[in-house]
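Okay, so here's the structure we're looking at.
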Amino acid sequence: GITGNPSGQENALSEKTEVRTDTKPALQPENPETTKDTAGSDNADVKVDEVDAVTTNDQNPDEELSETVKTTTGVSDLRIIISQAAENKTQFTVSTIGCAGKAEIGRVLFPTWTARNGQDDLHWYEGTRDKNGEFCITIDSKDHGYETGSYLIHTYIHGQQGEILKVVGSSYNLEESQPVISMTEIWNNCFKVSISGISNRNGVSDVVVPTWTQINGHDDLRWEKATYVGNDTWEAVINIADYKQSYDTFISHVYVTDKNGQQKYLGATTKIIDNPFVKDPLEVTAQQQENDGSKFVISTQNCSKKPGIKQVDFAVWSNRNGQDEIRWYQGVLGANGEYLASVDIENHGFETGPFIIHTYIKGNNGETISFASVNFTLAKLNPIIEYDKAVLNNTFKIRIRNVGSENGVTAIMMPTWSRSNGQDDLR
């Protein structure tokens, strides 16, 4: 567990709530989108009669659910069917039976709320007509605070002029699932903690995943927030770079806060991340740059998709006179997941010939997690002399490209004179 965890959390999600059994239907308010469904109103302006009806779910089609119906003439045979969604355990479908072929029906509304805390989560859903001519909606618990248990559904059948033809009251019990905590594989230096089946009768307002590495206890503890991704599943993204250890046992706990503000410890999971360079040693190459012979490019070859890399450093120097011109280059992460650095011999006294390259892979805590040494020989350069044919302000320029040698270059002189009278104007 985590030090400082609120007491009594283990009972937070098992707290019982009083289930409302009054499913007596009511007439639609004037502004249903913003007004509560006034069940049992004595001020109804439409005269209705009560009849019996049955709703079922697909797990037990013969099970009778509590239901009351008020109706006008013309749609007395209408019924409501409620069934659990096959591929999403947080959803169920409400559908009319008997609307097909009735031209007098204009639209159907389904105000829905959970039995907990009255109509605090009331939603008005408008039904869509399916290919069979019936009206249906899909209700998701995420729109009702992720609550399970008893849902109350009233169905309003409206005529073409907006008048109410019939009102049906139904209920449905959305079952709880067993919570499951799992972890994904590592991708882009991250892994995910996935938590499913946590919807409950008290709802869900927040899910957090405190995570830390095993070495040195809670010194890198972070409270990662999980987000809802659908189908009663929440996910927290764990970025390895946010922790002090690149390779260690990562420990994650899961806490769920319900709509009553009670937090409960749900469970824990661990992920062991090993140094991948132990089995796959670091590989580095270097090659002369195509468009500039005075430069060469260093590149790692097997860092892509490996976790725990915070930084890559390349130490470079020529073989002449030891490390008198050593330079450190920080690798830049390329689109292919490898680290690159461009070396210009200007930084190394314009020397060509053999170069020595040491590569250091650094982890989250600055520690070296892998090392490689390679040699590269920069070929002899062929200088190219150019000059400007145009004279501007009585001046023209001479330039020399691809300058370098195995002994380096400290200066370049360009003695110049005019053709007439020999070198009498040599400079």
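Taken together, the values in this text are just the output of simple stated rules run on the coordinates, not laboratory data. None of these values were measured; they are calculated from a predicted model. Cβ placement follows ideal geometry from the backbone for every residue including glycine, while neighbour counts extend to all protein chains displayed.
For the pair E104 and F371, label points projected 7 Å from Cα toward Cβ lie 9.0 nm apart. Loop-located chymotrypsin sites (Phe, Trp or Tyr not before Pro) across segment 363-401 with a Cβ neighbour count of 16 or fewer within 10 Å are F396, with loop assigned by DSSP. Taking other Cβ atoms within 10 Å as a rough exposure proxy, K305, K166, K389, K362 sort from fewest to most as K389, K305, K362, K166. With a Förster radius of 35 Å applied to the C-beta separation of Q214 and N336, the computed FRET efficiency comes to 0.60.
The mean sequence distance of close C-alpha pairs (under 8 Å, at least 6 residues apart), as a share of the length of segment 374-426, puts its relative contact order at 27 percent.
Packing order of peptides 198-207, 84-93, 352-361, highest average first: 198-207, 352-361, 84-93 (average count of other Cβ atoms within 10 Å over each peptide's residues).
As a rough guide to protection, the peptides 101-111, 411-421 ranked by mean Cβ packing within 10 Å, highest first, stand as 101-111, 411-421. From least to most packed, judged by other beta carbons within 10 angstrom and beginning with the fewest, I80, I238 follow the order I238, I80. Full extension of the segment from T416 to I272, taken as 0.36 nm per residue of separation minus the current Cα-Cα distance, would add 44.8 nm. For I385, I298, I137, the sequence from fewest to most other C-beta atoms within 10 Å is I385, I137, I298. Potential lengthening of the chain between R401 and N321 amounts to 26.3 nm, from the contour at 0.36 nm per residue minus the alpha-carbon distance.
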